[in-house]
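For reference, the structure discussed in these notes is given below.
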Amino acid sequence: MTVADRRNRGTILALTGPAYLWLTATIFLPLSAMLYCSFLDKSPLVPQPASLTLRHYAAFIEKPVYQQLMLWSLELGAIVTICCLLIGYPAALALAKVIKGRWREAMFLMVVLPFWSNALVRTFSWTMVLRPGGLADQAIHVVAPGAPALNLLYSYPAVVIGLVHSYLPYMILTCYISLQAIDDSVIEAARSLGARSWALFRRVVFPMSLPGVLAGSALIFVPAVGSFMEPRILGGTKGATLGMAVEEQFTVTANWPFGAALSFLMLGAVLLICLVLYPPARKRMEGL
Amino acid sequence: MSAVVVTDAVKRYDAVTALDGVTITFREGELFGLLGPSGSGKTTLLRAIAGFVTLDRGQVLIDGQNVGGVPVHARNIGMMFQSYALFPHMSVAENVAFGLEVRGRPREEVARRVQEALAMVRLGGLEQRKPKQLSGGQQQRVALARALVTRPKVLLLDEPLGALDRHLRQEMQVELRRIQRQVGITTIFVTHDQEEALTLSDRIAIFDFGRVIQEGAPMEVYERPVTKFAAGFLGEANFLHGRVTSLEPGGLARVALEIGGAASCRLKGGQVGQSVLLALRPEKITLSTEGEAGMNAVRGNVLDVVFSGNSTTYRVAVGEQVMTLFRQNLSQGTVAPGSDVVLSWSSDHLVQVTP
């Protein structure tokens, strides 16, 4: 190793050290503690010595209700991700390739605005919009006075609406970045070669924006699968998720080890999905 | 093979006039260079022919058909970009096949024509590579194959060789010329490199401020520039101010030069007493250490001498002006700075230009 190499290594260490130290301290340590907790037979709050057990993981397999909750959570994550993509991608496309100058800044502000309000306030505000006779109903009655009440609050669509509202900016921003990176001359080349708008989008623009689509999907799918606040506030009994079950174990029944086990099972399921999807996605993005 | 005719093309962007009444006929099968400084309108014209720019006034005719309302994808043009603009997620073969596939050609035909196109640009064997895995010269060839595989009516090249280093650029110039001849396609290219324009083109047009200053074969434009800008942009030139003193019956005029001495040259019209501007290329001037000033010969003093291998550049003070001349390095050796010299030239090489 030359002197320059050694100095280089020192620089890299100095630049990345703080970030990795912080990540180790704030993510790795608590997570390891929680993983250990999931194998204990008593909650760490109980002042008695605890022993190791696999009981909580076995409980997940034995009780179909938790498997059902897991499936519902994954389904909810998928639906929210797809909705964000369907709503967010066209907006990102317009922002990246059509809207220019000041208008783009103004539109961006509107996209980022949800981030500036408190998540809890944001979610509760939806209850006022979606409840029977709420703002949504009133708006519809202005257009169609005879229409039946929507009655969306405490339903599955309400949960999806709340989650999409929370996570849509992630999709718009990641897609925007990858669409923005597509050189206009590449698009012009495709048009000069005879591609109409649809072929241009399907064969050039969309494939080239896949990194943004996947990054946004991952950023949304993972927290949406684990969501518990929106399902509780907007879904009532209709929006049961595994995230809510986890929360319950920690806050209501005080069964920390079982809550921890459930959350690690969820983490495992999400990791497994990512692991399965990664190789084909990587193949499609070769060369980008 | 098609002719492209542009008539009275005008394009304005807010305060800037990119094209200010351009009329050019691009003949069938010729390689035509659009030359000019940046912002002179040459790229706007190329993009208007492609269909990316809508003209405010004027027409573009391809094969005699007005393509004003025809969208880019339906114009059947081949275009090559300075950045190559290859599709990074597609292999070389997929890049070349793109134009045929969006036209819905059958699979066997696509495969065959992709092979032919890649063979033509000498890239056989690299079909499965991604653009990132190719060198700049190879990417250039893929871009050319992709633009030609659909057998377009006209090939448009935007600064085609601008991104390559000097050696590769010369190699690609030869290659481009060979392929263009082989296919026989009407080709229009934009460049700001005068040497490239002179080497490649059958004909060139010089642009300035959205107008065509001069159009013609490279040698004709070089030897007979019509304006001071054309003479100065394409190669180097000395500009001599003078006043017509007499008109001879043979068509030659005598001009008293501002730097002292007299010259004779052919004028486009003109009368006695009129002031004229004459351009004189540096390589047309003969330098000698003996002789007298007289008709087409002026006395000067060498300011500096730059030796550059095959030739030497002299800067010579003549009156209040500095004249530049190139001298081939035969066997005479160089003349030292400070020497008194006589510069002379032939009447044929003095060209009257408009200021």
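The values are calculated or read from the model by the stated rules, or taken from the named source; none is laboratory data. All values derive from a computational prediction rather than experimental measurement. Backbone-built Cβ (ideal geometry, glycine too); neighbour counts: all protein chains shown. These accessible areas exclude ligands, DNA and RNA; they are computed on the full protein's heavy atoms, side chains included. Shrake-Rupley method; radii C 1.70, N 1.55, O 1.52, S 1.80 Å.
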Inset, instruction - Just need a number here: residues in region B:78-102 that are of a type outside the set (Val, Ile, Thr) and either assigned to a helix (DSSP H, G or I) or over 32 Å from the mean Cα position of the chain (by Cα) (or both). - result: 11
Inset, instruction - State whether the residues of region B:36-46 include one that is within 14 Å of chain A (Cβ to nearest Cβ), surrounded by fewer than 17 Cβ atoms within 10 Å (Cβ to Cβ) and either more than 30 Å from A:PRO211 (Cβ to Cβ) or free of Cβ contacts under 8 Å to residues at least 60 places away in the same chain (or both). - result: no
Legend entry - Filter result (within 14 Å of chain B (Cβ to nearest Cβ) and either in contact with a helix residue (DSSP H, G or I) (Cβ under 7 Å, 6 or more places away or on another chain) or of a type in the set (Val, Ile, Thr) (or both)) within region A:263-288: A:ALA281, A:ARG284, A:MET285, A:GLY287, A:LEU288
Inset, instruction - Identify all residues within region A:172-227 that are more than 18 Å from B:LEU86 (Cβ to Cβ), within 13 Å of chain B (Cβ to nearest Cβ) and in contact with a Gly (Cβ under 6 Å, 6 or more places away or on another chain); write none if there are none. - result: none
Inset, instruction - Please go through region A:145-161 and pick out each residue that is farther than 14 Å from A:GLY77 by Cβ, open to solvent by less than 50 Å² (accessible area, probe 1.4 Å) and not in a loop (DSSP other than H, G, I, E, B). - result: A:ALA158
Legend entry - Residues of region B:83-94 that turn out to be more than 7 Å from chain A (Cβ to nearest Cβ) and not aliphatic (A, V, I, L, M), as a count: 3
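Residue-wise test of (1) surrounded by 20 or more Cβ atoms within 10 Å (Cβ to Cβ); (2) away from chain A (no Cβ under 12 Å); (3) under 22 Å from B:ALA18 (Cα atoms).
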position	(1), (2), (3)
B:PHE52	no, no, yes
B:ARG57	no, yes, yes
B:ASP63	no, yes, no
B:VAL67	yes, yes, yes
B:PRO71	no, no, yes
B:VAL96	yes, no, no
B:LEU100	yes, no, no
B:ARG112	no, yes, no
Legend entry - Sole exception among (1) under 15 Å from B:PHE239 (Cα atoms); (2) open to solvent by 30 Å² or more (accessible area, probe 1.4 Å); (3) of a type in the set (A, V, I, L, M, F, W, C) for B:LEU330, by number: (1)
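Mind telling me which of the residues B:ARG105, B:ARG75, B:ARG122 ends up being over 32 Å from the mean Cα position of the chain (by Cα) and either on the phi < 0 side of the Ramachandran plot or open to solvent by 10 Å² or more (accessible area, probe 1.4 Å) (or both)?
On the way: B:ARG75 fails: over 32 Å from the mean Cα position of the chain (by Cα); B:ARG122 fails: over 32 Å from the mean Cα position of the chain (by Cα).
The conditions single out B:ARG105.
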Inset, instruction - Scan region A:150-166 and give yes if some residue there is within 10 Å of chain B (Cβ to nearest Cβ) and in contact (Cβ under 8 Å) with a residue 60 or more places away in the chain, otherwise no. - result: no
Inset, instruction - Tell me, yes or no, whether region A:206-221 has at least one residue that is open to solvent by less than 20 Å² (accessible area, probe 1.4 Å) and over 18 Å from the mean Cα position of the chain (by Cα). - result: yes
Inset, instruction - Filter region B:129-171 down to residues that are touching a Pro at 6+ places or on another chain (Cβ under 8 Å) and away from every other protein chain (no Cβ under 14 Å), then give me how many there are. - result: 0
Legend entry - Subset tally (residues that are surrounded by 15 or more Cβ atoms within 10 Å (Cβ to Cβ) and under 21 Å from the mean Cα position of the chain (by Cα)) for region A:88-124: 9
Legend entry - Hits in region B:199-247 - residues which are within 25 Å of B:LEU325 (Cα to Cα) and open to solvent by 60 Å² or more (accessible area, probe 1.4 Å): B:THR199, B:MET219, B:GLU220, B:GLU223, B:ARG224, B:LYS228, B:PHE229, B:GLU236, B:HIS241, B:ARG243
Inset, instruction - Taking A:LEU234 as meeting all but one of (1) surrounded by 22 or more Cβ atoms within 10 Å (Cβ to Cβ); (2) under 19 Å from A:VAL111 (Cβ atoms), write down the number of the exception. - result: (2)
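I'd like to know if region A:112-126 contains one or more residues that are in a helix (DSSP H, G or I), within 30 Å of A:LEU150 (Cα to Cα), in contact with a Gly (Cβ under 9 Å, 6 or more places away or on another chain) and hydrophobic (A, V, I, L, M, F, W, C).
yes
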Legend entry - Residue in region A:176-199 that is touching a helix residue (DSSP H, G or I) at 6+ places or on another chain (Cβ under 7 Å), under 28 Å from A:ALA119 (Cβ atoms), open to solvent by less than 10 Å² (accessible area, probe 1.4 Å) and not in a loop (DSSP other than H, G, I, E, B) present: yes
Inset, instruction - All but one of (1) more than 10 Å from chain B (Cβ to nearest Cβ); (2) surrounded by fewer than 21 Cβ atoms within 10 Å (Cβ to Cβ); (3) free of Cβ contacts under 8 Å to residues at least 24 places away in the same chain hold for A:VAL246, so report the exception by its number. - result: (2)
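Here is a check on your reading of the model: is B:ALA18 of a type in the set (A, V, I, L, M, F, W, C), in a helix (DSSP H, G or I) and away from chain A (no Cβ under 11 Å)?
No: the conditions fail for B:ALA18.
Suppose the filter is closer than 28 Å to B:ARG254 by Cβ and not acidic (Asp, Glu); does B:ALA336 pass it?
Values: closer than 28 Å to B:ARG254 by Cβ: no; not acidic (Asp, Glu): yes.
No: the conditions fail for B:ALA336.
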Inset, instruction - Please work out if A:TRP22 is part of a helix (DSSP H, G or I) and within 30 Å of A:ILE187 (Cα to Cα). - result: no
Legend entry - Qualifying strands (runs of 3 or more DSSP E) (wholly inside region B:306-355; at least 1 residues being closer than 20 Å to B:SER275 by Cα): B:311-318, B:321-328, B:351-353
Legend entry - Single match in B:GLN170, B:GLN140 (criterion: buried (at least 22 other Cβ atoms within 10 Å of the Cβ) and within 25 Å of B:GLU195 (Cβ to Cβ)): B:GLN140
